[in-house]
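The values are calculated or read from the model by the stated rules, or taken from the named source; none is laboratory data. Because the structure is a prediction, the values reported are computed rather than measured. Here the Cβ positions follow ideal geometry from the backbone for every residue, glycine too, while neighbour counts run over all protein chains shown. Please note that ligands, DNA and RNA were not included when accessible areas were found on the heavy atoms of the full protein model with its side chains. Shrake-Rupley method; radii C 1.70, N 1.55, O 1.52, S 1.80 Å.
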Amino acid sequence: MELERLKKWEHQLNACIRCGYCYEFCPVYRSTRWETDSPRGKLILISGLLHGEIEATSETTDKIFSCFYCKQCEGVCSSGIPFTEILSDTRADLLDLGVVPTGTISYNESPHCAMCLGCVRACPHEARVLEGNRVVIDPTACQSCGICLDVCPGINTRLGKGFDAGPEMLQKQAAEFLSAPENPAAKAIVFACNWSNVPGLETARLDATVQQPDPEYKVLVTACAGRLPAKVMLDALEHNAWGVLVNGCPEDECEHHGSHEAAKRVAAVQRLLGEVGATPRRVQYMELSKGDPLAFERKVTEFMDEIRKLGPPFQRGDQP
Amino acid sequence: MSKPDIARLESIVGPDHVKQHPADLYVYGSDSSVHAALPDAVVRPGKTEEVQALLRYANDHGIPVIPRGSGSGMCGQVVPIHGGIVLEMKRMNRILEINPADVYCRVEPGVVDDDLNKALKPHGVFYPATPASSRIATIGGEIANNASGVRSVKYGATRESVLGMKVVLANGELVTLGARTRVEASGYQLERLFVGSEGTLGVMVEATLSFVPIPTFRAMGMVLFDSLNNAGHAIGAVMGKGVALSMLELVDSVAIKAVNNAMDLGLPDVEAILLIEADGMVKEAVDHELETARKLCEGHGGRLTQLSYDPAERAKIFLGRKKLFPALSKYSDSMVSTALADDMAVPYSKMAETAGKIHEIAERNGVVMTAYGHCGSGCMHTKILMDTTKEKSWEGARRAVAEIYEYVRSVGGTTSAEHGVGLSKAAAFKREKADSLEIMRAVKRAFDPNNILNPGKLFDAPDDWLTATDLRYVATK
């Protein structure tokens, strides 16, 4: 098996000291908790592919094509391993070998397409291109940001695996948290963008390990704030959330033009709430730069204080 | 050794918690060491009863079981040298009880060290035996290796914080060891035997740990030395005088260069830095310890800089040390850092000589080595930096490892201070403990007569680490 592009990365693959500091920051690992899905695990697999120690079976290559390119792993890697560059070259080599990409790569569910080219224009990574009379996806360019999802009028664009960060899964998790009898104090959902400031450790592990008595809110990680549909925010309110907070990157820091989309969508939901007589500020949008978990905590605390003052939905001023 | 029946494993823990695909086996065959070997299955138990059922099954069929936490060990402790079942314990990650009045907490083995400390913080206490890898290291792994860390100079290693535990034995039997009290004098303290046993005696499913108050005052500073030898003597002087520091860390010039290359922290270009820290409830007491340390270091040519009580300043000073290990691969574009000869402990009076020996041995064998570590607790770390793609590098590394451990033994030191033995240090361990190996083997037989628990490690590991398993690197002539 020839993996031409990968050869140049051998030093970096060896330089990874496999400390594992990366994997708690990875949304894919956080979803499955299998080390094979972590950045470290993927580098081990890539090393195995390069050295011919494992085969490029569909199960193996599915891991290589499963990544949201949030680059949180690169941010915490003191060895300076350029994980996503290595991953992209591995993908390109595998495609040359005829591998069919799966994982988190975007695709069109149906070959029937209105050819509005909305997804081609929206894709910030030029992964969707018009070839002949159809839209094709370049799996080496697709970063699975999901910006293409909500722009398709035919609801035809899809991402492969969601790893708990897809809209449907977020909607389900929010509803479960808000409705569970063991969470009597549940009041709010915080949709946190994985690219910007999701404080990896706080959200990744504490939910699972530290018992928070009577949690009032749940942090759910969305791959990019720009892919969070309005219906997911509204569904949380329908499940008696007192409020919904959406977090994205500052617009000039967003790699996917997602902040603009997210802000627009929250504004639309706020308008809708106002029209039905509810307090618009029950749904809010905030922007935070990468790597400031304390600011994240502060903003969430401020939001919760405001929501508590507002009280339960459709009471104290809110009209049914 | 027999192969596990996957359907049987799935019936015990559920199909979502069993993996047997080659990709998963390949990943779980590695840790942070140079070693690699394939297991037959990876299984994630979620509760004690599942661990019991798994061990009963494995024991009846002679299948190896290798308990694993986060796989951050550096000596190959969790590399399945004889195949078998890797028992990934991270699903068992609940903090069961925090009892400030009785000064203990109970946790499951998959709890990550930093998470425990976050949960303890609101109670004004902390778990002190924290290693540098606390962001990912699990309590189970720390206990299995008797981990220690930067504050062990004052608060001791893991063993000092373990009051008791529940362990599933090889035959599936669950036993409760130790107590929930500070002292205990009731027979053999088997819970202490399990600390550092590297998964060879049983599978811990619950630990009772003590903790200590978070000090009101904490101050840290850097002492710069133009001579590594002088820094080594300063360590001996400070510890010999009984100065109560809460941290005394050495960072040598190789490590300084690597950290500056990796993070541009602007660490001073000197031969050695000592990080010193003192803590306590009374500021004058903290000042006194640091002033005593300063004077002793100055007596050996050291210059104290950046002393600060400010948490942000302290964090900045400590950042280079915290990230030192992963930064070592940035020392040079042609070399990478390998987890070899990674830790040892020597008497304080030999600290200076050991630091010098490390560099002397490295130069003789054509590799680069660092000298750093928690020297206040006698612990010296190093790593071998080399071009891992060249066979001759590995021959040099083999000689260097043998020479450094022979030196450590000759001065009354020990093979491992806190990283354990696993595979890569087995030869040195066997030489050091030659007259007690038979007792250890008898203990192992008493707990695990069928030798299913992490077989082929410690005294049963091959003598030559270089050929003990496949290496994670591929080298050519």
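In terms of overall dimensions, the C-alpha atoms belonging to the range B:1-108 reach 48, 34, 23 Å along their principal axes, ordered largest to smallest. Each residue was assigned an accessible area with a 1.4 Å probe, and for B:Lys19 the value is about 50 Å². When A:Thr32, B:Thr176 are compared by accessible area at a 1.4 angstrom probe, the order from most to least is B:Thr176, A:Thr32. Mean per-residue shielding of peptide A:36-44 is 4, counting Cβ atoms of other chains within 10 Å of each Cβ. Mean residue ellipticity, 222 nm, helices only, chain B: the sum of -39500 (n - 2.57) across DSSP H runs of n ≥ 4, divided by residue count and rounded to 500, is -10000 deg cm²/dmol.
Counts of other chain beta carbons within 10 angstrom of each beta carbon in peptide B:71-83 average 1. Taking only the alpha carbons of the protein assembly as shown, we obtain Rg and Dmax values of 27.2, 84 Å in that order. The three principal axes of the Cα atoms in the range B:53-155 give end-to-end lengths of 48, 28, 18 Å, sorted in falling order.
Counting Lys and Arg as +1 and Asp and Glu as -1 over every other residue whose Cβ lies under 13 Å from the Cβ of B:Leu224, the net charge comes to -3. Sorted from longest to shortest, the spans of the Cα atoms of the range A:6-67 along the three principal axes equal 30, 27, 15 Å. Ranking A:Tyr285, B:Tyr28, B:Tyr188 by solvent-accessible area of protein heavy atoms (1.4 Å probe, all protein chains present), from largest to smallest, gives B:Tyr188, A:Tyr285, B:Tyr28. For the range B:358-477, the alpha-carbon radius of gyration amounts to 1.16 times the rule-of-thumb value 2.2 N^0.38 Å expected for a compact globular protein. With a simple spin-label model that places each label point 7 Å from the Cα along the Cα-to-Cβ direction, the separation between B:Ala179 and A:Met169 comes to 4.8 nm. Amide H contacts of B:Leu304 (H built 1.01 Å from N, in plane; Pro and chain starts excluded): B:Leu224 sit under 5 Å, all sequence-distant by 5 or more or on other chains.
Only alpha carbons enter this Debye calculation for chain A, each as an equal point scatterer, and the log10 of I(q)/I(0) it gives at q = 0.09, 0.10, 0.16 Å⁻¹ is -0.49, -0.60, -1.34.
Remind me, relative contact order of chain A in percent, using alpha carbon pairs under 8 angstrom and six or more residues apart?
Numbers: 554 pairs, mean separation 46.6, N = 320.
That works out to 15 percent.
Dividing the convex hull volume of the alpha carbon atoms of the range A:1-154 by its residue count gives 119 Å³ per residue. Structure remark: mean-square fluctuation, Gaussian network model of chain A, C-alpha springs under 10 Å; the largest value among A:Pro167, A:Pro82, A:Pro101 belongs to A:Pro82.
On a C-alpha basis, how far is the centre of the range B:439-477 from the centre of the range A:85-111 in Å? Whole number, if you could? Cα centroid to Cα centroid, the span is 40 Å.
What are the semi-axes of the equivalent ellipsoid for the range B:286-329, taken as the square roots of 5 times the Cα gyration tensor eigenvalues, largest first, in whole Å? If you can, show how the numbers build up before the last one.
On the way: eigenvalues 113, 48, 11 Å².
Semi-axis lengths for the range B:286-329 are 24, 15, 8 Å.
For the range B:242-288, what is the Kirkwood hydrodynamic radius in Å, using each pair of distinct C-alpha atoms? Kindly include the intermediate steps, with their values, before the conclusion.
Numbers: mean 1/r = 0.0812 Å⁻¹.
So the Kirkwood estimate lands at 12.3 Å.
Solvent exposure of B:Tyr155, expressed as accessible area, is near 50 Å², computed with a probe of 1.4 Å over the protein chains only. Comparing each chain alone with all protein chains together (probe 1.4 Å, DNA, RNA and ligands left out), the residues of the range B:325-344 losing at least 10 Å² of accessible area are B:Phe325, B:Pro326, B:Ser329, B:Lys330, B:Asp333, B:Val336, B:Ser337. Distance between the C-alpha centres of the range B:376-430 and the range B:256-277: 23 Å, rounded to the whole angstrom. Residues whose amide H falls under 5 Å from that of B:Ser337, counting only those 5 or more places apart or on a different chain, are B:Ser329, with hydrogens built in the peptide plane.
For the protein assembly as shown, with the dipole built from +1 on Lys and Arg beta-carbon atoms and -1 on Asp and Glu ones, taken about the Cα centre, which of B:Asn260, B:Ser349, A:Ile81 lies farthest toward the positive end? Positive-end residue among those listed: B:Ser349. Each residue, B:Val282 and A:Glu2, gets one label point 7 Å from its Cα in the Cβ direction; the gap between the two is 7.6 nm. Largest GNM mean-square fluctuation across A:Cys123, A:Cys193, A:Cys113, computed for chain A with C-alpha springs under 10 Å, falls on A:Cys113. Across A:Glu182, B:Glu418, the residue with the most accessible area heads the list, and the full order at a 1.4 Å probe is A:Glu182, B:Glu418. The heavy atoms of B:Arg445 offer some 130 square angstrom of accessible surface to a 1.4 angstrom probe. In this rough spin-label picture, where each label sits 7 Å from Cα along the Cβ direction, the B:Ile214-A:His257 distance is 4.5 nm. Listed by chain and number, the lysines placed with their C-alpha closer than 16 angstrom to that of B:Lys154 are B:Lys241; residues fewer than eight positions away on the same chain are left out. Give me log10 I(q)/I(0) at q = 0.06, 0.08 Å⁻¹ for chain B, Debye formula, one equal scatterer per alpha-carbon, no solvent. For the requested q values the scattering log ratios are -0.26, -0.47.
With q set to 0.15 Å⁻¹, the log10 of I(q)/I(0) for the range B:252-355, from the Debye formula over equal scatterers at the Cα positions, is -0.80.
Using only alpha carbons, the range B:93-224 has a radius of gyration to Kirkwood radius ratio (Rg to Rh) of 0.98. Plugging the Kirkwood radius over Cα pairs into Stokes-Einstein for the range A:107-189, at a temperature of 10 °C and a viscosity of 1.306 mPa s, what D comes out in µm²/s? Answer from the Stokes-Einstein relation: 109 µm²/s.
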